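Written below as structure tokens is the structure these notes are about.
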Amino acid sequence: MDGSVGAHDARACDGALARAFEFLGKRWNGIILGTLLGGPAGFAELRRAVEGISDSMLSDRLGELGRAGLVQRTVADGPPISVAYELTQSGQALLPAIEALTAWAAENLPAGACDR
């Protein structure tokens, strides 16, 4: 390349990929999305399914996922009033990527590889 302005370094990470890993790699986001791939869930159900997450962290992450347009919060009139979280169409579009990452991890990351 001639080094002109706008030249692209072939080794540079694509900006969209960097944003995806920054967001999905944030602790708990990917796990919550993967859990919701099984269908809508209430807060307590999610807390039980995502082992080790605190109530405040789960609430924060669900809010963040909602603001990103990946999770929708629905309140059903009671009694009793219930709240359910489910993936939006954008969240459901992650299914192939999450399935591919799961298969890759099963084949290439030994159990305990991420333990500190």
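Taking each residue of the stretch 82-110 that is in a helix (DSSP H, G or I) and looking for partners that are open to solvent by 50 Å² or more (accessible area, probe 1.4 Å) with beta-carbon atoms closer than 7 Å, six or more apart or interchain, yields LEU95/LEU37; ILE98/LEU37. For the structure I just gave you, tell me whether GLU45 is acidic (Asp, Glu), open to solvent by 90 Å² or more (accessible area, probe 1.4 Å) and closer than 25 Å to GLU22 by Cβ. For GLU45, the condition - acidic (Asp, Glu), open to solvent by 90 Å² or more (accessible area, probe 1.4 Å) and closer than 25 Å to GLU22 by Cβ - is not met.
Which members of the stretch 60-77 meet the condition of being of a type outside the set (A, V, I, L, M), surrounded by 13 or more Cβ atoms within 10 Å (Cβ to Cβ) and not in a helix (DSSP H, G or I)? Result: GLN72, ARG73.
Within the stretch 46-60, residues that are basic (Lys, Arg) sit with their Cβ atoms under 9 Å from residues that are part of a loop (DSSP other than H, G, I, E, B), at 6+ positions apart or across chains, in these pairs: ARG47/ILE53; ARG47/SER54. Restricting attention to the stretch 1-16, the residues that are in a helix (DSSP H, G or I) and either hydroxyl-bearing (Ser, Thr, Tyr) or modelled with pLDDT under 85 (or both) add up to 1.
The values are calculated or read from the model by the stated rules, or taken from the named source; none is laboratory data. All of these numbers come straight from a predicted model, not from anything done at the bench. Counting neighbours? That spans all protein chains shown, and the Cβs are built from the backbone with ideal geometry, glycine included. Quick note on the areas: whole protein, heavy atoms, side chains included, nothing else; ligands and nucleic acids left out. Shrake-Rupley method; radii C 1.70, N 1.55, O 1.52, S 1.80 Å.
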